[in-house]
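The values are calculated or read from the model by the stated rules, or taken from the named source; none is laboratory data. All values derive from a computational prediction rather than experimental measurement. Heads up, the Cβs are rebuilt from the backbone with ideal geometry, glycines too, and the neighbour counts pull from every protein chain shown. Calculation scope for accessible area: heavy atoms of the full protein, side chains included, ligands and nucleic acids excluded. Shrake-Rupley method; radii C 1.70, N 1.55, O 1.52, S 1.80 Å.
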Amino acid sequence: MSRSLIQRISPFFIARIKQNHKLLSSSSSSALHEASSESAPSPAPSLDAIHLTDNCVKRMKELQSSEESSEEKMLRLSVETGGCSGFQYVFNLDDKTNPEDRVFEKEGVKLVVDDISYDFVKGATVDFVEELIRSAFVVTTNPSAVGGCSCKSSFMVKQ
């Protein structure tokens, strides 16, 4: 019985993965085109900037002060295919930037986003929330998302 269920839903998942891959690939080429058309690096306009809340800044400063490493830790936000709504946010601590990264800073705390992910989170707000069941960095508002899940870690985009 479970085998037939897997056979029935497999085409749906395969189609969804291909669709998400196509969206990521097309945004990659638009991000590369946008980067190559710029003559000099300039800060992102405030409407497209990624905003950090005071809670986010406070938590990052706590994490930086608890690190024994001399390297400054930055919060890295990336978008991957998956999650219950098609895309999901992934947060990591990082100590280096790549040439294709965009860096957003508030009060000495840096948020790093790669160009491909940036297309999915322009104008978003990153917060740190403490709830009964978890404490985590989350994207609280994202103008690029048209829907999401109650887990607040996955979202959908316009097609």
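Just a few scattered comments:
- Some residue of region 112-121 being closer than 13 Å to CYS56 by Cα, open to solvent by less than 50 Å² (accessible area, probe 1.4 Å) and hydrophobic (A, V, I, L, M, F, W, C): no
- Scanning region 77-108 for residues that are part of a strand (DSSP E or B) and touching a residue at least 12 places away in the same chain (Cβ under 8 Å) yields a count of 17.
- The single condition from (1) at pLDDT 70 or above; (2) in contact with a strand residue (DSSP E or B) (Cβ under 8 Å, 6 or more places away or on another chain) that SER85 fails is (1).
- SER37 being at pLDDT below 85 and among the polar types (S, T, N, Q): yes
To keep it simple, each residue is scored yes or no on (1) farther than 15 Å from HIS51 by Cβ; (2) among the aliphatic types (A, V, I, L, M); (3) within 10 Å of the chain's Cα centre (by Cα).
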position	(1), (2), (3)
GLY86	yes, no, no
PRO99	yes, no, no
ARG102	no, no, no
LYS106	no, no, no
ASP114	yes, no, yes
TYR118	no, no, yes
LYS122	no, no, yes
VAL138	no, yes, yes
THR141	no, no, no
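- Taken as a whole, region 45-67 holds no residue that is at pLDDT below 70 and outside any loop (DSSP other than H, G, I, E, B).
- Just one residue in the set PHE91, PHE128 is of a type in the set (A, V, I, L, M, F, W, C), surrounded by fewer than 18 Cβ atoms within 10 Å (Cβ to Cβ), out of contact with any Asp or Glu (no Cβ under 8 Å at 6 or more places or on another chain) and at pLDDT 85 or above; that residue is PHE91.
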